[in-house]
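The values are calculated or read from the model by the stated rules, or taken from the named source; none is laboratory data. As the structure is a prediction and not an experimental result, all values here were calculated from the model. For neighbour counting, all protein chains shown are included, and Cβ atoms are generated from backbone atoms with ideal geometry for every residue, glycine included. Note: areas computed on protein heavy atoms with side chains; ligands, DNA, RNA excluded. Shrake-Rupley method; radii C 1.70, N 1.55, O 1.52, S 1.80 Å.
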Amino acid sequence: MALRDILHFPDPRLRLRAEPVSEVDESVRSLVDDMFETMYAAPGIGLAATQINVQKRILVADVSEDRSAPYCLINPEILRLEGEEEMDEGCLSVPGFYETVRRAERIRVRALGPDGNPFEMEADGLLAVCIQHEIDHLDGKLFVDYISSLKRNRIRKKLEKQGAQAAPSRSRVAAPAASL
Ligand code: K1U
Ligand code: ZN
């Protein structure tokens, strides 16, 4: 298993639409293991493959307090959306920001499991919100797309600034060891 790097908004790779998985083989199961490890370490309650720069339609989620209810959905399709609710959402690709988003309260989803077998499930509350948030990632959509462009641009500028500060400057990398 391996921890993967998570892309941060406004990285354009977060806007790519993921492709369906044609065969659930060992390489897909290994990717799913990496996704669970990365999600639990972050820590997060969900992760979409798009967030680790893999354009495959795979998501993982675990909204339980004791991290005992893992879900892996490959090629997820929403069959039914019911009701509406507003919830504060965060995103591992938009670290440090939380905004209220309105989504369906209950959903029915069809997907393949990591064994390659199809299944259907119903979800409500936080799990339903999380699955909708992750499917949005697979379609290149972020929770900041549901808020005003003014707020989104403020978040973008702050994260761009943090990203620029985190990256090593050219002069520091190029400096000879004696001058460090
Ligand atoms: O997709 C992601 O970026 C993960 C995201 C999922 C999500 C959170 C809230 C509402 C909808 C979807 C996160 O996990 S953000 C971190 C978070 O919410 C959390 C982390 C640790 C414990 C509890 C919550
Ligand atoms: Zn997210």
All conditions in (1) among the charged types (D, E, K, R); (2) in a strand (DSSP E or B); (3) surrounded by 15 or more Cβ atoms within 10 Å (Cβ to Cβ) are true of E134 except (2)
Cβ pairs under 7 Å, 6+ apart or interchain, first in region 46-58 and assigned to a loop (DSSP other than H, G, I, E, B), second within 11 Å of ligand 1 (Cβ to nearest atom), ordered by first then second residue, are N53/L7; R57/L138
In the set Q51, Q55, which member is under 13 Å from the mean Cα position of the chain (by Cα), more than 13 Å from ligand 1 (Cβ to nearest atom), of a type outside the set (S, T, Y) and closer than 16 Å to E134 by Cβ? Q55
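If we scan region 79-88, do we find a residue that is surrounded by 20 or more Cβ atoms within 10 Å (Cβ to Cβ) and in contact with a strand residue (DSSP E or B) (Cβ under 7 Å, 6 or more places away or on another chain)?
The first filter runs over region 79-88 and keeps only residues surrounded by 20 or more Cβ atoms within 10 Å (Cβ to Cβ), leaving none.
Checked against the condition, which is being surrounded by 20 or more Cβ atoms within 10 Å (Cβ to Cβ) and in contact with a strand residue (DSSP E or B) (Cβ under 7 Å, 6 or more places away or on another chain), region 79-88 yields no hits at all.
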Scan region 57-65 and give yes if some residue there is over 23 Å from E120 (Cα atoms), open to solvent by 30 Å² or more (accessible area, probe 1.4 Å), more than 16 Å from ligand 2 (Cβ to nearest atom) and not polar (S, T, N, Q), otherwise no. yes
Being in a loop (DSSP other than H, G, I, E, B), under 25 Å from A167 (Cα atoms) and acidic (D, E) is the filter here; which residues of region 1-45 pass it? D5, D11
May I ask you to list the residues in region 16-41 that are open to solvent by 50 Å² or more (accessible area, probe 1.4 Å) and either within 12 Å of ligand 2 (Cβ to nearest atom) or in contact with a helix residue (DSSP H, G or I) (Cβ under 9 Å, 6 or more places away or on another chain) (or both)? L16, R17
A2 vs. criteria in contact (Cβ under 8 Å) with a residue 12 or more places away in the chain and surrounded by 20 or more Cβ atoms within 10 Å (Cβ to Cβ): no
What is the one condition in (1) within 16 Å of ligand 2 (Cβ to nearest atom); (2) out of contact with any Lys or Arg (no Cβ under 6 Å at 6 or more places or on another chain); (3) β-branched (V, I, T) that I52 does not satisfy? (2)
Which residue out of R172, R67 is of a type in the set (D, E, K, R) and modelled with pLDDT of 95 or more? R67
State whether the residues of region 115-122 include one that is within 16 Å of ligand 2 (Cβ to nearest atom) and exposed (fewer than 14 other Cβ atoms within 10 Å of the Cβ). no
Need pairs with beta-carbon distance below 7 Å; first residue without any contact (Cβ under 8 Å) to a residue 12 or more places away in the chain and within region 61-90, second among the aromatic types (F, W, Y) and part of a strand (DSSP E or B); sequence gap 6+ or separate chains. none
Qualifying residue in region 99-114 (condition: away from ligand 2 (no atom under 16 Å from the Cβ), in contact with a helix residue (DSSP H, G or I) (Cβ under 8 Å, 6 or more places away or on another chain) and without any contact (Cβ under 8 Å) to a residue 24 or more places away in the chain): yes
